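**Student:** Mind looking over this structure? Questions follow.
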């Protein structure tokens, strides 16, 4: 009995295996076919547009715009969103534009914006309606709050054609809102730095590109006899790329070149003490302005910015090298006598120093200034020699 049952069990198991395998194959085929029919029966799922809701913003729409491809086939929107590089790269050409700015070679030229500006924009409305005016000039002052009255008087000499930018070395910014113009000005606050430190980091030529002229001024300038619009007219009239207002001395002058002359609009050369000038067309007898109140054209500033050294923050020696940025320098660098200022010589930078080895803070600052002048001259001289040496090696 047991053997017959076992025999029956054995036979029945063997007879069902082929039938079950065939049934599984048929079931799988029917499932795949049914899935295909369901898929083609519904509209294609589009991920090109979807919305997110939050408590803060009711609805934010994200739209993905497909760009035209040169190949015959293109990846689906899902592949674009998921970044399926294998299919995208296989069906499209890579972008490489050497003429784009460095680092942007992979971008299509039409999207590249190499320059920007300092114009203030709204957080609402249409972008093309943000700006009711676009100032043509930029003036910067490096300031401490103690000089606020002097800066207020200076800013009022600059019309609405100027963007006002204040660099704060004492960290005090909100207090300046006592002046109405301050609310429209740009404020950059970094403690204990000089205007050349700020200029190197915040006035890149591609940032200030919209401005025809850039004023980079100290905070201790008397401007009673100065009008910015008239100054610009004279700069244009005389073709100056680098300039400054004439100085009316109260406590003496460092250089004769920057002294105001009452009998003319502009001067471009002077006579100095014997031995100071080895040629009448070189500083300090010509092609020279001081660093307290320089004014640069857009093109001149692009060159000067590259010449400013990151670690030499006082700018001493820079005024003797400005002539390298324009040609001919003795014709394109000058002093505007008809619009003049007074250097009040407020020792604000000295108070930002620290006492070392028993020395007063201002003494350490002055020593640093002198060291920087020597370092800058040495660097420039070595750079020029290395360049001309490389030219000679190439020619042989």
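**Student:** So residue 57 fits all but one of (1) surrounded by 13 or more Cβ atoms within 10 Å (Cβ to Cβ); (2) modelled with pLDDT under 95; (3) part of a loop (DSSP other than H, G, I, E, B); what number is the exception?
**Tutor:** Going through (1) surrounded by 13 or more Cβ atoms within 10 Å (Cβ to Cβ); (2) modelled with pLDDT under 95; (3) part of a loop (DSSP other than H, G, I, E, B) one by one, residue 57 breaks only (1).
**Student:** Which count do you get for residues in the stretch 268-298 that are surrounded by fewer than 16 Cβ atoms within 10 Å (Cβ to Cβ) and touching a strand residue (DSSP E or B) at 6+ places or on another chain (Cβ under 8 Å)?
**Tutor:** Residues in the stretch 268-298 being surrounded by fewer than 16 Cβ atoms within 10 Å (Cβ to Cβ) and touching a strand residue (DSSP E or B) at 6+ places or on another chain (Cβ under 8 Å): 2 in total.
**Student:** Looking at (1) surrounded by fewer than 20 Cβ atoms within 10 Å (Cβ to Cβ); (2) at pLDDT below 95, find the lone condition where residue 308 falls short.
**Tutor:** Exception for residue 308: condition (2).
**Student:** Answer yes if at least one residue in the stretch 281-288 is assigned to a helix (DSSP H, G or I) and under 26 Å from residue 137 (Cβ atoms), and no otherwise.
**Tutor:** Checked the stretch 281-288: no residue is assigned to a helix (DSSP H, G or I) and under 26 Å from residue 137 (Cβ atoms).
**Student:** Take the residues in the stretch 341-364 that are buried (at least 20 other Cβ atoms within 10 Å of the Cβ) and not in a loop (DSSP other than H, G, I, E, B), then tell me which one is modelled with the lowest pLDDT. Outline the logic, then answer.
**Tutor:** Initial filter on the stretch 341-364 (buried (at least 20 other Cβ atoms within 10 Å of the Cβ)): 341, 343, 349.
Right, trim to not in a loop (DSSP other than H, G, I, E, B) and you get 341, 343.
Details: 341: 96, 343: 91.
The qualifying residue modelled with the lowest pLDDT is 343.
**Student:** Could you please let me know if residue 209 is outside any helix (DSSP H, G or I), assigned by TED's automatic domain parsing to the domain that holds residue 325 and modelled with pLDDT of 95 or more?
**Tutor:** Values: outside any helix (DSSP H, G or I): yes; assigned by TED's automatic domain parsing to the domain that holds residue 325: yes; modelled with pLDDT of 95 or more: yes.
Taking the combined requirement at face value, the residue satisfies it.
**Student:** So residue 206 clears everything in (1) farther than 21 Å from residue 346 by Cα; (2) surrounded by 21 or more Cβ atoms within 10 Å (Cβ to Cβ) except one condition, right? Which one?
**Tutor:** Failed condition: (2).
**Student:** Considering each of 158, 167 in turn, give the residue that is in contact with a helix residue (DSSP H, G or I) (Cβ under 9 Å, 6 or more places away or on another chain) and within 20 Å of residue 134 (Cβ to Cβ). Show your work before the answer.
**Tutor:** Working: 167 fails: within 20 Å of residue 134 (Cβ to Cβ).
Step by step, each of 158, 167 is checked, and only 158 is in contact with a helix residue (DSSP H, G or I) (Cβ under 9 Å, 6 or more places away or on another chain) and within 20 Å of residue 134 (Cβ to Cβ).
**Student:** Would you pick out the residues in the stretch 252-267 that are loosely packed, with under 13 Cβ neighbours inside 10 Å and under 33 Å from the mean Cα position of the chain (by Cα)?
**Tutor:** Correct list: empty.
**Student:** Has the stretch 176-184 got any residue that is touching a strand residue (DSSP E or B) at 6+ places or on another chain (Cβ under 7 Å), buried (at least 22 other Cβ atoms within 10 Å of the Cβ) and at pLDDT 95 or above?
**Tutor:** Checking the stretch 176-184: not a single residue is touching a strand residue (DSSP E or B) at 6+ places or on another chain (Cβ under 7 Å), buried (at least 22 other Cβ atoms within 10 Å of the Cβ) and at pLDDT 95 or above.
**Student:** Let me ask another. Please tell me if residue 301 is out of contact with any helix residue (DSSP H, G or I) (no Cβ under 6 Å at 6 or more places or on another chain), crowded, with 17+ Cβ neighbours inside 10 Å and modelled with pLDDT of 90 or more.
**Tutor:** Here the answer is yes, as residue 301 does meet what is asked.
**Student:** Exactly one of (1) out of contact with any strand residue (DSSP E or B) (no Cβ under 8 Å at 6 or more places or on another chain); (2) in the same structural domain as residue 149 (by TED's automatic domain parsing); (3) modelled with pLDDT of 90 or more is unmet by residue 387. Its number?
**Tutor:** Only one criterion in (1) out of contact with any strand residue (DSSP E or B) (no Cβ under 8 Å at 6 or more places or on another chain); (2) in the same structural domain as residue 149 (by TED's automatic domain parsing); (3) modelled with pLDDT of 90 or more is unmet by residue 387, namely (2).
**Student:** Could I ask something else about it? Considering only the stretch 130-151, I want to know if a residue exists there that is in a helix (DSSP H, G or I) and within 15 Å of residue 215 (Cβ to Cβ).
**Tutor:** Yes; the residues of the stretch 130-151 include at least one that is in a helix (DSSP H, G or I) and within 15 Å of residue 215 (Cβ to Cβ).
**Student:** Determine if the stretch 329-340 includes at least one residue that is in the same structural domain as residue 208 (by TED's automatic domain parsing), part of a loop (DSSP other than H, G, I, E, B) and in contact with a helix residue (DSSP H, G or I) (Cβ under 7 Å, 6 or more places away or on another chain). Talk me through it step by step, then tell me what you get.
**Tutor:** Initial filter on the stretch 329-340 (in the same structural domain as residue 208 (by TED's automatic domain parsing)): 329-340.
Of the ones still in play, those that are also part of a loop (DSSP other than H, G, I, E, B) are none.
Checked against the condition, which is being in the same structural domain as residue 208 (by TED's automatic domain parsing), part of a loop (DSSP other than H, G, I, E, B) and in contact with a helix residue (DSSP H, G or I) (Cβ under 7 Å, 6 or more places away or on another chain), the stretch 329-340 yields no hits at all.
**Student:** Sticking with this one: Could you identify the single residue in 253, 247, 240, 312 that is without any contact (Cβ under 8 Å) to a residue 40 or more places away in the chain, closer than 28 Å to residue 376 by Cα and assigned by TED's automatic domain parsing to the domain that holds residue 371? Walk me through how you get there before you give the answer.
**Tutor:** Numbers: 247 fails: without any contact (Cβ under 8 Å) to a residue 40 or more places away in the chain; 240 fails: without any contact (Cβ under 8 Å) to a residue 40 or more places away in the chain; 312 fails: without any contact (Cβ under 8 Å) to a residue 40 or more places away in the chain.
So the residue among 253, 247, 240, 312 that is without any contact (Cβ under 8 Å) to a residue 40 or more places away in the chain, closer than 28 Å to residue 376 by Cα and assigned by TED's automatic domain parsing to the domain that holds residue 371 is 253.
**Student:** Would you check which residues across the stretch 121-155 are surrounded by fewer than 13 Cβ atoms within 10 Å (Cβ to Cβ) and closer than 26 Å to residue 192 by Cα and list them?
**Tutor:** The one that is surrounded by fewer than 13 Cβ atoms within 10 Å (Cβ to Cβ) and closer than 26 Å to residue 192 by Cα: 149.
The values are calculated or read from the model by the stated rules, or taken from the named source; none is laboratory data. The model shown is predicted, which means the values in this text are computed figures rather than measured ones. All Cβ positions, even for glycine, are placed from backbone atoms using ideal geometry, and neighbour counts span all protein chains on display.
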